[in-house]
Amino acid sequence: KLLIITNRESDLSSLLVKHFGATTVDMEKAKAMRLDEFDSVAVLGGTERGAVVFHHELRTKLEAYADSGKKLFLEFVNSFRYVYSASAKRISHHRLVVADDEINGLEQGELLDTHANSYSRPHFLMPNTKTLLYYHPYVPAHDRTPMSREQIESGEVAFWRCENVLSCAFKICDFRKARLAPKERFDSLVSYIVKFLTNETIE
């Protein structure tokens with residue numbers, strides 16, 4: 001059973017409802033729910049203008065849910081556990097760079113473009129965090145770029161996994177409407193999110 005917490009429908013929520021019968025509730029209703037009845041939870045904050053700041057009641061429930069070992073996906077969330085993020089900012093000259101080969105269909109150094117997106121940079125990360133994508137300004141390349149470990153570590157972390165919690169610091173829930181490109185690479189990224197939440201793959 002999958003629960004989606006979001007304040008409006010999006011490309012990603014529609015996909016998860018269509019293929020997996022996910023339950024969808026808004027942030028306010030989620031405060032009163034028992035999350036432990038669900039196998040995984042996705043919080044889609046990309047529907048909002050600014051990064052989501054949780055009501056303390058919902059944040060406490062979500063942190064307890066993550067502590068139980070169940071899978072949690074967070075999109076465009078200001079802070080969670082000990083990870084606090086900067087205020088969201090508009091970005092236009094930054095490119096997403098693949099930092100790791102973990103995502104099927106994406107290779108280290110490949111570039112993705114989020115165009116004029118919004119980004120809430122984490123000030124620091126939890127121990128045992130694996131960076132999967134990061135932003136880098138003014139990358140002078142078309143398709144891919146070689147990046148040293150020092151360059152990766154100096155980039156702005158954008159997509160990362162810490163054990164059973166997967167986090168995205170930019171807006172991805174409307175990946176079709178926003179025309180995030182290249183399409184095939186964002187399809188791979190969305191498929192990774194879906195697999196993380198459901199243990200299933202979709203065509």
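Annotations for the structure displayed:
- Gyration tensor (alpha-carbon) shape descriptor, the chain, a/c threshold 1.5: prolate
- The calculated 222 nm mean residue ellipticity attributable to helices in the chain amounts to -7000 deg cm²/dmol, summing -39500 (n - 2.57) over DSSP H runs of n ≥ 4 and dividing by all residues.
- For the chain, the antiparallel share of DSSP beta bridges with both residues in that region comes to about 60%.
- Taking 0.36 nm per residue of separation and subtracting the Cα-Cα distance, full extension of the segment from residue 87 to residue 23 would add 20.1 nm.
- Accessible heavy-atom area order of 115, 56, highest first, probe of 1.4 Å: 56, 115
- Remark: segment 29-35, residue by residue, has Karplus-estimated 3J(HN,Hα) of 5, 4, 4, 9, 8, 8, 6 Hz, where x stands for each Gly or Pro and the curve is 6.51 cos²θ - 1.76 cosθ + 1.60 at θ = phi - 60°.
- Within the same chain, aspartates and glutamates fewer than 8 places from residue 89 are excluded, and of the rest, those with a Cα less than 20 Å from its Cα are 48, 75, 113, 156, 174.
- Filter on 61/183; 29/171; 61/177; 70/130; 1/177 - keep pairs with C-alpha separation over 24 Å: 61/183; 61/177; 1/177
The values are calculated or read from the model by the stated rules, or taken from the named source; none is laboratory data. For clarity, every value in this text was computed on a predicted model and none was experimentally measured. Side chains are part of the model used for accessible areas, which takes the heavy atoms of the whole protein and leaves out ligands, DNA and RNA. Shrake-Rupley method; radii C 1.70, N 1.55, O 1.52, S 1.80 Å.
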